[in-house]
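Just so it is clear, none of the values below were taken in a lab; they were calculated from the coordinates. What you see is a predicted model, and the numbers here were worked out from it, not measured in a lab. Neighbour counts are summed over all protein chains in view; Cβ atoms, including those assigned to glycine, are modelled from backbone coordinates with ideal geometry.
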Amino acid sequence: MSIEPQPAFKKLESSLRLKQLMASHFYELDEAARRGSHKIAWCSSVGPAELLRSLGFLVYFPENHAALLGATRKATDYIPAANAIGYSPEICSYLTSDIGACIMGETPLSRAYPGITRVPPPDVLVYNTNQCRAVKDWFQWYSRKFRVPCLGVQSFRQMDEVTTLHVAAISTQLQQLIPPLQEISGTRFDIDRLRETIELSRQCSELWGQVLETAAHRPSPLTFFDGTIHMGPAVIARGTQSAVDYYIFLLAELRQRIEAGVAAVNHENCRIYWEGMPIWGKLRELAALFLRLKTCVVASTYCNSWIFSDLDPRDPFESMARAYTELFITRADACKERYIKQMVEFYRIDGILFHEAKTCPDNSNSLYGMPQRLYQQLGIPTVVIHGDLNDLRLFSEEQAVTRLEAFIEQVQG
Amino acid sequence: MSELYLGIDLGASATKAVLLDSRRQIVARTVVATGLDFTRVGQEVLEAVLRQAGADMEHIRCAVATGYGRKNVHFPCLSKTEISCHGRGAYHYFPEAITVVDIGGQDTKIIRLGPDGRLLDFQMNRKCAAGTGAFLEEMARRLDLSLSELEQLAGQSQQDVKLGSYCTVFTFTEILALSRRGIAVPDLVKAIFNAIVQRVTELGVLSGKIVATGGVVAYNPTVANLLANRIGVDPLIPPEPQLIGALGAALFAFEEAEHA
Ligand code: SF4
C-alpha cells in the first residue's frame with residue numbers, strides 16, 4: 001500500500017513556438033494601436049475574421065481576452081464591476097469579467113507582455129450571434145464606450161439541417177458588411193485577397209482538425225487540456241500564414257509522439273469526451289486529477305468548434321456562411337447528439353463528461369436531458385459537473401472532484 | 001489475531017471507521033464528529049477501532065479511506081469515493097439490483113447498482129446544502145433544538161405544511177413567517193424533514209428496491225418514513241446506516257488485499 005506521487009505533465013515542445021506566436025499577435029496589435037498604422041477590428045470567435053483580414057484590419061478577439069481573465073483567475077475580481085453597472089451575475093462571465101476588467105482599467109496582457117498597457121482599442125466591432133446573444137450585448141457596450149460602430153450577423157439557432165436558405169441569408173448579411181467595413185478600413189474590398197485569406201483559414205482549420213485527430217490513437221498523444229492551450233492560433237490567427245505554420249509544426253510533434261509511443265497520460269486506461277466550456281481557472285487542477293486517474297480527456301466539442309471544414313476559397317461568401325452556421329452550438333439537440341455519437345465512436349470514448357456552465361447555457365448541453373439520452377443510446381456513462389467558464393465562485397472543486405473520481409470508478413467498473 | 005481490514009469514512013460532519021476480520025465480520029466500529037482536522041480525526045478513529053479490537057497497526061492488512069477527507073489520512077491507505085463505498089456497503093446487506101439513497105452531512109446521493117453490485121450511475125446534489133444533513137443541522141440550530149428533539153417533535157405533527165424555498169437561509173425566513181401565522185413547531189419540523197425528502201426525489205427517479213443510508217436516516221427515522229410516503233415503497237434500511245460508507249471502504253480493503 002503506497003500513496004502514488006503525482007505524475008508529471010508532459011509539456012509539448014511546440015509550447016515555446018506557441019508563446020512566440022501569441023506574443024507577436026498582441027505586440028502587433030499594440031503597435032498598430034499606438035502608431036495608428038492599421039485599423040483594428042474586434043471580432044467574435046466565429047465572426048467574419050477572414051473578411052476583416054482581407055480588408056486590412058488587424059483582428060482582436062475579446063473572447064480570447066476573457067479566457068485569459070479566466071485562466072489567470074482574475075475574472076472573479078472583475079465580474080462585480082460589471083454587475084454594479086447592471087450586467088447580471090447570471091449572464092455570460094466572459095462578458096462580465098471582460099467588461100469589468102475594462103471598467104477597472106486592467107488587462108492580463110500587461111503582465112504577460114511587458115510594454116503593453118491596455119487592450120488595443122477598436123475601430124469597429126463585428127459579431128456573429130451564431131454562438132449566443134451575449135456577444136452582441138457585450139460588443140455593443142464597447143461600441144458605446146469607444147464610440148465606434150458595432151456591426152454584425154444575426155444567425156439562426158437550433159437548426160437540425162443547415163439549408164441553402166440559411167446559408168443564403170447569412171451570405172447576404174456578410175456581403176452587406178462590406179461597404180461599412182470598407183469605409184472604416186479605407187481599403188477597397190478585393191475578392192482575391194478574401195480568397196487567399198479563406199484558403200489560409202481553411203488550411204489552418206484542416207491542420208487543427210488533424211492535430212485533434214491524433215488523439216484517436218491509443219494512447220493519445222494529447223489531452224483536451226493541451227487542446228485548450230494549443231487552439232490559440234486557430235482562434236486568434238486563423239486566416240494567417242503563421243497559424244498554418246504553427247499547426248504543421250505541432251502536428252509533426254504529435255505524430256512523433258505517436259511513433260515513439262509517448263502518451264500524454266501514462267498508463268492511459270480510460271478515455272473521456274468533454275462536452276461544454278473549459279473551466280479556465282481550473283485547467284491545471286483538472287488536468288492533474290485526470291493524470292492521477294490515468295484518464296485521458298481525448299476529445300471535446302469545444303476544441304472541435306474551430307474546425308471549419310466548409311471554408312472554400314472558390315466560393316467565399318457561401319462557404320463562410322456555411323462554416324459559421326454549421327457550428328455545433330447553433331444546432332438542434334438531435335443533431336448535436338448525432339455529432340457526439342460520431343465522436344464517441346471515432347475516439348473510442350468510455351464516458352462523456354458534461355460541464356454545465358452556469359453562465360453559458362448555450363454551451364451547456366446537459367440542461368435538457370441529453371446526458372441521460374446518450375447514456376441510454378450509447379450505453380456509456382455520462383456525468384455532469386456544475387461549474388462555470390470564468391466565475392470560479394460557481395464551481396465547487398471538492399464536489400466536482402468526488403463526482404469525477406466516482407465517474408471514473410463507474411467507467412472502470 | 002487474524003488480519004484486519006479498515007474502512008474510514010471521513011465525512012463533512014462525522015468520521016466513521018469500521019474494522020473487519022478475515023471473515024468480513026465487523027470487529028470494531030466508531031463514529032466521531034469530524035471537526036476541522038481530517039488528519040487528526042483519521043488518526044483518532046484508527047486508534048479507537050484498534051483499541052476496541054485489541055489490535056495493532058500491523059494487523060491491518062489493507063485500509064481504504066473515503067469521504068471528503070479521504071486524501072488527508074496520514075497512514076498507508078487507498079482511497080475510493082463515497083459513491084462507490086456507499087454502494088458497496090449497501091450491496092453487502094442487499095446483494096441485488098438496488099438504488100441507494102444516501103443522505104449525508106453535506107451531500108445527498110442516489111446510487112444505482114446492477115444485480116452484480118456494479119455501479120450503474122449516480123446523482124449528487126448540486127453545489128448546495130439543500131436536502132442534506134447540513135440543512136437539518138442549520139434548521140436545528142436556528143430553532144435552538146437538538147437533532148433528536150427534531151425527530152421527537154416531527155412525530156407529534158398534526159398537519160402537512162409545505163415549504164417553498166430552496167435556499168437554506170430563505171427556508172428559515174419562511175419558517176419564521178409560518179410560525180408568526182401560528183403554525184405549530186412540530187408541523188414546521190415535519191415540513192423541514194419533508195423538504196429534505198423533496199430535494200432527494202428531485203435528484204433522480206427512485207424505482208425498484210430502495211436502500212436508505214447515511215447519518216440523517218440513522219438519527220431521523222422520520223426521513224425514511226416520509227420518503228416511503230412520497231415514493232410509495234418502504235426503503236430498506238441496513239443495520240447501522242451511518243456506517244455504510246466505512247463498511248463499503250473496509251470491504252474494498254478486503255477485496256484489494258485478496259486481489260493483491
Ligand atoms: S457562448 Fe457562452 S461564453 Fe461565449 S459569449 Fe456566449 S454566453 Fe459567453
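Data overview
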item: Under the Karplus curve 6.51 cos²θ - 1.76 cosθ + 1.60, θ = phi - 60°, whole-Hz ³J(HN,Hα) for the range B:136-142, x wherever Gly or Pro sits; result: 5, 4, 5, 5, 4, 4, 5
item: Principal-axis tilt of helix A:134-146 within chain A, Cα atoms, nearest 10 degrees; result: 40 degrees
item: Chain B: angle of helix B:38-53 to the longest principal axis, Cα-based, in degrees nearest 10; result: 60 degrees
item: Residue-averaged beta-carbon neighbours from other chains (10 angstrom radius) around B:74-84; result: 4
item: Antiparallel DSSP beta bridges within the protein assembly as shown, percent to nearest 5; result: 40 percent
item: Rg/Rh for the range A:14-412, where both radii come from Cα atoms and Rh is the Kirkwood radius; result: 0.95
item: Spin-label pair B:Thr39/A:Met104, simplified geometry with 7 Å Cα→Cβ offset, distance in nm; result: 3.3 nm
item: Surface/4 estimate of mean projected area, convex hull on alpha-carbon atoms of chain B, nm²; result: 13.6 nm²
item: Calculated diffusion of the range B:124-260, Stokes-Einstein form, Kirkwood radius summed over Cα pairs, 25 °C and 0.890 mPa s, µm²/s; result: 152 µm²/s
item: Simple label model, 7 Å out from Cα along Cβ direction - A:Gln376 to B:Asp116, nm; result: 2.4 nm
item: Candidate aspartates and glutamates for bridging to B:Lys162, where Cα separation is under 17 Å - those fewer than 8 sequence places away on the same chain excluded; result: B:Glu174, B:Asp187, B:Glu202
item: Integer Hz, Karplus 6.51/-1.76/1.60 couplings in order for the range A:373-384, x for Gly and Pro; result: 5, 5, 4, 5, 6, 9, x, 10, x, 10, 9, 10
item: GNM flexibility winner over chain A from A:Met320, A:Met343, A:Met104 (Cα, springs under 10 Å); result: A:Met104
item: Radius ratio Rg over Rh of the range A:329-388, counting only Cα atoms, Kirkwood formula for Rh; result: 0.94
item: Top of A:Asp388, A:Asp160, A:Asp350 by mean-square fluctuation, Gaussian network on chain A, Cα under 10 Å; result: A:Asp160
item: Approximate shape of the protein assembly as shown as ellipsoid semi-axes (Cα gyration tensor, √5λ), whole Å, largest first; result: 51, 29, 22
item: Amide N proximity, the range B:74-99 versus B:Arg23 label position 7 Å along Cα-to-Cβ, cut-off under 18 Å; result: B:93
item: J(HN,Hα) series, the range B:5-14, from Karplus relation 6.51 cos²θ - 1.76 cosθ + 1.60, nearest Hz, glycine and proline x; result: 10, 10, x, 10, 10, 8, x, 5, 9, 10
item: Ranked list, fewest to most other Cβ atoms within 10 Å of each Cβ, for A:Tyr142, A:Tyr324; result: A:Tyr142, A:Tyr324
item: Set of lysines near A:Lys19 by C-alpha distance (under 18 Å), chain-local residues within fewer than 8 positions excluded; result: A:Lys10, A:Lys11
item: Relative exposure of A:Arg331, A:Arg238, judged by other C-beta atoms within 10 Å (fewest first); result: A:Arg331, A:Arg238
item: For chain B, built as a Gaussian network whose Cα springs stay under 10 Å, the top-fluctuating residue of B:Gly114, B:Gly11, B:Gly131; result: B:Gly114
item: Fewest-first ranking of A:Leu16, A:Leu283, A:Leu389, B:Leu120, using other Cβ atoms within 10 Å as the exposure measure; result: A:Leu16, B:Leu120, A:Leu283, A:Leu389
item: The protein assembly as shown - mean residue ellipticity at 222 nm from DSSP helices (-39,500 (n - 2.57) per run, n ≥ 4, rounded to 500); result: -15000 deg cm²/dmol
item: Principal-axis tilt of helix A:93-103 within chain A, Cα atoms, nearest 10 degrees; result: 50 degrees
